[in-house]
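*Asks:* I have a structure I would like to understand better, so I am pasting it below and will then ask my questions one at a time.
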Amino acid sequence: MWYVMQVRVGTEENIRCQCEKIVGKGILERCFIPYYEEKKKYEGKWHTQEKILFPGYVFMITDFLEELYESLKRVIGLTKLLGTGSEVIPLSEEEVSLLLRMGKESQVVEMSEGVIEKGTVHITSSPLTGMEGNIRRIDRHKRKAYLKVEMFGRTIDMQVGLEIVSKTKEE
């Protein structure tokens, strides 16, 4: 099962490292932070860099929730495991499949490419293929798409890299 831990923004890597050291390998299958690629222009050239997809969250895969919960008490800076009230709830199958579809095993959402034809966005290369309906806004200057997705049991805003390679005028 996939679980999500809420942490202070900026401490994600520190918490991930602590979890990998403190929690036994038999308990924690994997601990990771999903990233997305974005392009930044500096020194006259475009550079690809990675940014955290969900700031303030660390993801864990385990089949041993009780043992994980006990081990996490030794992690410094942990806020909480996501759930309802005192019950910790794993991510739904839809949420897990969205993460796997967009970030694959590496959990890095690569830059997508798309075109705008007559005011409608068409994604031509993954990982945003088929998610045009989730796009709320595109910033062509920053090469980003802003999406609304169902995650953590609610609708959240997410940003990913998107290069619009061409745009046709609306009639």
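Laboratory data are not the source of any read-out in this text; all were calculated from the coordinates shown. Since the model is a prediction, treat every value here as computed from it, not as a measurement. Reconstructed Cβ throughout: ideal geometry from the backbone, glycine too, with neighbour counts over all protein chains shown.
*Asks:* Going Cα to Cα from K41, which aspartates and glutamates come in below 19 Å? Please leave out same-chain ones fewer than 8 positions away.
*Replies:* Cα-Cα hits under 19 Å: E50, E110, E113, D139, E163.
*Asks:* Taking the Cα centre of the chain as the origin and placing charges on Cβ (Lys, Arg +1; Asp, Glu -1), which of P55, P127, G24 is farthest toward the positive end of the dipole?
*Replies:* It is P55, whose Cα lies furthest towards the positive end.
*Asks:* Per DSSP helix of 4 or more residues, -39500 (n - 2.57); summed, then divided by the residues of the chain. What does that give at 222 nm, rounded to the nearest 500?
*Replies:* One gets -5000 deg cm²/dmol as the mean residue ellipticity at 222 nm.
*Asks:* Just to be sure I understand: of the beta bridges DSSP finds with both ends in the chain, what percent are antiparallel, rounded to 5?
*Replies:* Of the beta bridges lying entirely in the chain, close to 85 percent run antiparallel.
*Asks:* Assuming a viscosity of 1.306 mPa s and a temperature of 10 °C, what translational diffusion coefficient in µm² per second does Stokes-Einstein assign to the chain, Rh being the Kirkwood radius over Cα pairs?
*Replies:* Answer, rounded: 91 µm²/s.
*Asks:* Using the Karplus curve 6.51 cos²θ - 1.76 cosθ + 1.60 with θ = phi - 60°, work out ³J(HN,Hα) for each residue of region 106-118 in order, rounded to whole Hz, and write x for Gly and Pro.
*Replies:* Residue by residue, region 106-118 yields 6, 6, 10, 7, 6, 4, 9, 10, x, 10, 10, 10, 6 Hz.
*Asks:* Taking only Cα atoms, what is the 0 to 90° angle, nearest 10, from helix 93-103's long axis to the longest principal axis of the chain?
*Replies:* Tilt relative to the chain: about 60 degrees.
*Asks:* I've got another one for you. Based on Cβ point charges of +1 for Lys and Arg and -1 for Asp and Glu, what charge dipole magnitude is obtained for the chain about its Cα centre, in debye rounded to the nearest 20?
*Replies:* 780
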